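*Asks:* Structure provided below as structure tokens; questions to follow.
The values are calculated or read from the model by the stated rules, or taken from the named source; none is laboratory data. Note that this is a predicted model, so its numbers are computed, not measured. Cβ: placed from backbone, ideal geometry, glycine included. Neighbour counts: every protein chain shown. Just so you know, the surface numbers come from the protein's heavy atoms only, side chains and all, with ligands and any DNA or RNA stripped out. Shrake-Rupley method; radii C 1.70, N 1.55, O 1.52, S 1.80 Å.
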Amino acid sequence: MLLLPGSGPTSRNGDQPPLLVTNLLKQIAERLAREGYASLRFDKRAAPGYAQFWPTDIAQLSEFFSWDSFVGDAKTGLAFLQAQPEVDSKRTVVAGHSEGGTIAMQIGHDLRARQTRRPA
């Protein structure tokens, strides 16, 4: 399962420190692991601690934080997860909280569109 965090400067654990630290996505990942399921979480581009890597030019910053960039990061995460030898790539799930849920739906839409375009 690919676990996607919500909007804002959210970490792989689903936190926005210092005010919001619940480790919700970490708790979900640990529960999945206890039940024998693999999961992947990653820090969003906007996560605390990464500001030093952000572009300084406004146009580049807008592209860096664009919808397509966030969806692309999630698709890359899904491909990485599916490439792991212990993961059945045909039985993976993308789940997200808030904005992550919307990104998950976009990935599902894009995968479905790609499948329907394949020649028979």
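*Asks:* Kindly indicate whether GLU30 is over 24 Å from MET105 (Cβ atoms), part of a helix (DSSP H, G or I) and open to solvent by 80 Å² or more (accessible area, probe 1.4 Å).
*Replies:* Yes: the conditions hold for GLU30.
*Asks:* Restricting attention to region 1-39, report how many residues are among the hydrophobic types (A, V, I, L, M, F, W, C) and in contact with a Leu (Cβ under 8 Å, 6 or more places away or on another chain).
*Replies:* Our first condition is that a residue be among the hydrophobic types (A, V, I, L, M, F, W, C); within region 1-39, this holds for 1-4, 19-21, 24-25, 28-29, 32-33, 38.
Still in the list and also in contact with a Leu (Cβ under 8 Å, 6 or more places away or on another chain): 1-3, 25, 28-29, 38.
Qualifying residue count, region 1-39: 7.
*Asks:* Among the candidates PHE70, PHE42, single out the residue that is of a type outside the set (A, V, I, L, M) and either touching a residue at least 40 places away in the same chain (Cβ under 8 Å) or assigned to a loop (DSSP other than H, G, I, E, B) (or both).
*Replies:* PHE42
*Asks:* Tell me the residue from PHE42, PHE80 that is within 12 Å of the chain's Cα centre (by Cα), within 20 Å of LEU111 (Cα to Cα) and among the hydrophobic types (A, V, I, L, M, F, W, C), please.
*Replies:* Numbers: PHE42 fails: within 20 Å of LEU111 (Cα to Cα).
Going through PHE42, PHE80 in turn, just one is within 12 Å of the chain's Cα centre (by Cα), within 20 Å of LEU111 (Cα to Cα) and among the hydrophobic types (A, V, I, L, M, F, W, C): PHE80.
*Asks:* Can you work out which of the residues in region 61-98 that are among the hydroxyl-bearing types (Ser, Thr, Tyr) and open to solvent by less than 80 Å² (accessible area, probe 1.4 Å) is nearest to LEU25 (Cα to Cα)? Break it down into steps so the answer makes sense when it comes.
*Replies:* Pass one, region 61-98, residues among the hydroxyl-bearing types (Ser, Thr, Tyr): 62, 66, 69, 76, 89, 92, 98.
From what's left, open to solvent by less than 80 Å² (accessible area, probe 1.4 Å): 62, 66, 69, 89, 92, 98.
Values: SER62: 27, SER66: 23, SER69: 21, SER89: 21, THR92: 17, SER98: 12 Å.
Filtering region 61-98 for residues that are among the hydroxyl-bearing types (Ser, Thr, Tyr) and open to solvent by less than 80 Å² (accessible area, probe 1.4 Å), the one nearest to LEU25 (Cα to Cα) comes out as SER98.
*Asks:* Somewhere in region 99-111, is a residue open to solvent by 90 Å² or more (accessible area, probe 1.4 Å) and either assigned to a loop (DSSP other than H, G, I, E, B) or of a type outside the set (Asp, Glu) (or both)? Break it down stepwise before answering.
*Replies:* Applying the first criterion (open to solvent by 90 Å² or more (accessible area, probe 1.4 Å)) to region 99-111 yields 105, 109.
This time we only want the ones that are either assigned to a loop (DSSP other than H, G, I, E, B) or of a type outside the set (Asp, Glu) (or both), so: 105, 109.
Yes - at least one qualifying residue is present in region 99-111.
*Asks:* What number of residues in region 36-60 are in contact with a Phe, Trp or Tyr (Cβ under 8 Å, 6 or more places away or on another chain) and open to solvent by 50 Å² or more (accessible area, probe 1.4 Å)?
*Replies:* To start, the set of residues in region 36-60 that are in contact with a Phe, Trp or Tyr (Cβ under 8 Å, 6 or more places away or on another chain) comprises 40, 43-46, 54-55.
Imposing the further condition that a residue be open to solvent by 50 Å² or more (accessible area, probe 1.4 Å) reduces the set to 45, 54.
Residues that pass the stated criteria total 2.
*Asks:* Further question on the same structure: Could you check how many residues of region 45-63 are in a helix (DSSP H, G or I), under 25 Å from LEU111 (Cβ atoms) and modelled with pLDDT under 95?
*Replies:* 0
*Asks:* So which residues in region 18-76 are under 18 Å from GLU99 (Cβ atoms) and polar (S, T, N, Q)?
*Replies:* THR22, SER62, SER66, SER69, THR76
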